[in-house]
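All remarks here apply to the structure that follows.
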Amino acid sequence: MSTFIAHGIRHIFGTITSASRKEIIPDLEQHNLLLWYGCPYEGFESCEQVVYLGGCPNQTLLPLLRLALDMFGNRSWLIGSNYVWGWEKQSYRP
């Protein structure tokens, strides 16, 4: 972050993972930087230093789950990776 600040950079476009986004939030808040986060994210978080551009599971996953349940009944499975988004999406219920 010190390199960004030294060069007058105030806006950051990225990160890719939820874990990396969560890791830099304290630095963003401390130095009043703005992160533009374009990836889908798990929700349950609000930070004035982050512009969340990607959809949350309630916007993307829940409509899909409702459709799958209508079409296939309870024979459907929701499988995710061992990662923040995969863990958090399990708390959403259609």
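Rule-based calculations on the coordinates, nothing more; no lab input. Treat the numbers as computed from the prediction; the structure is a model and nothing was measured. Don't worry about glycine lacking a Cβ; one is built from the backbone with ideal geometry, like all the others, and counts go over all protein chains shown.
Quick look at the values:
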quantity	calculated
Cα-projected label distance for Ser20 with Gln59, points at 7 Å along beta-carbon direction, nm	2.1 nm
The chain - mean residue ellipticity at 222 nm from DSSP helices (-39,500 (n - 2.57) per run, n ≥ 4, rounded to 500)	-13000 deg cm²/dmol
Cα centre as origin, Lys/Arg/Asp/Glu Cβ charges: the chain dipole, Debye	320 debye
Between helix 57-72 and the chain: long-axis angle, C-alpha atoms, 0 to 90°, nearest 10	10 degrees
Dipole-positive endmost among Gly73, Cys56, Thr15 within the chain (Cβ charges, Cα centre)	Gly73
Taking segment 2-89 and dividing mean pair separation by its residue count, relative contact order in percent (alpha carbons under 8 Å, at least six apart)	23 percent
Net charge contributed by nearby residues that have their C-beta within less than 14 Å of Gly54 (K/R +1, D/E -1)	-1
Ranking of Thr15, Thr3 by count of other Cβ atoms within 10 Å, fewest first	Thr3, Thr15
Cα centroid separation - segment 44-79 against segment 1-21, whole Å	27 Å
Angle between the chain longest axis and helix 18-31 axis [Cα atoms, degrees, rounded to 10]	30 degrees
Projected label distance in nm at Arg75 and Met1, using a 7 Å step from Cα toward the beta-carbon	5.1 nm
Inter-site label distance for His11 and Asp27 at 7 Å from Cα along Cβ, in nm	2.0 nm
